[in-house]
Amino acid sequence: MSAENEYYSSIVSKFKKLENKLDVSLILESRMFQYFTKKQAEFNASIDRLKSTHYKQIKIFLKENMGLMIAPEIKPTYKFIDECDESIIILKELLELFEAVDFERLENLRKLKPILESHPFKERGARNKCQELIQSCEDEIYNLERYINDFKVKILNRYSIESFNSAFGYYAPNPILTRDRIRVNTFICWIWSADQDFEAFITNVLCHETAHAFHHQGQDFNNKRCQNFRQILEEKYFFEGIAQHYTNQFAQFYKKKLPDIKKTFDHMNEKLMRKNSPYRWHETWEYNKQVIKDAFIKSRQKKYMDKEIFNKILKQEEENYHNQ
Ligand SMILES: [Zn+2]
């Protein structure tokens, strides 16, 4: 069997596991599958780099910026497709997106536009024709992007934010319930980010889940674990706010390695998340990162934490910072 065929059968067998829940032939005949098959090498290479390079950088960054003495040692699991029902439904809906949008064409249009723009035509007729082409490229890109965006907003509105986000990956606080502490569901991330940078997207997902794990299980400089260990898991705004703040910080820091990482993070938040979502609460913290870091370290020593208490700690730390 050729390498290509082998790969094809391994993908097919992964899909076959979903057989009862989803029509496999629908996937295999779809435009999405054809596009995915072309991109398989890139897809695998991105995941390899996530495992070997990006995850190491995430851990170093979070440990230092969260002010931890000891960070938990966790080996994330990368699953092609999660078996959970919610992500199956999303997968089915995202299949529709590929039927409506030709992602290969979008990619080519994006490549073509700067080439046309940089080409110096001397003759007036040719110059005008080129200008027309640039304009039609721009219009088509705009329409496709708008369609994709509207479609994603429609899907997001149908799910509770928590169930939607766990489709991409999760951090499991309780090892009794599941074997995987940190999980990234790679295929659904790939479909969702087909119009963006997939590698940047999965790096954001992994950073977010790792931030949860470090917040929850990391040890402070006094060797103590977070004192509100159990209780914070219920505080969606606070718990997600911290994970998002550090994911944002990491994206900012890591731009030199993955140029699109910050753009991908902002896109998800600005375009797709509701303004009052727990995933955007961190945007209301108008303090510098040292103040937020000090507040975070303080918050770990409290027996009880919530949104209001964290806001108070932030204000106190802001005053301390200026009085120094
Ligand atoms: Zn989260």
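List of remarks:
- If you go through region 299-324 and keep only what is over 17 Å from residue 219 (Cα atoms), under 27 Å from the mean Cα position of the chain (by Cα) and among the polar types (S, T, N, Q), you end up with just 311.
- Only one of the numbered conditions (1) more than 30 Å from residue 59 (Cβ to Cβ); (2) assigned to a helix (DSSP H, G or I) is not met by residue 201, and that is (1).
- Close pairs from region 161-181: first over 15 Å from residue 203 (Cα atoms) and away from the ligand (no atom under 14 Å from the Cβ), partner at pLDDT 75 or above and not in a strand (DSSP E or B), Cβ under 6 Å, at least 6 apart: 178/172
- Applying the criterion of being within 24 Å of residue 277 (Cα to Cα) and among the acidic types (Asp, Glu) to the residues of region 218-245, the residue that is nearest to the ligand (Cβ to nearest atom) is 240.
The values are calculated or read from the model by the stated rules, or taken from the named source; none is laboratory data. Bear in mind that the values here come from a model prediction, so they are computed numbers and not experimental data. All Cβ positions, even for glycine, are placed from backbone atoms using ideal geometry, and neighbour counts span all protein chains on display.
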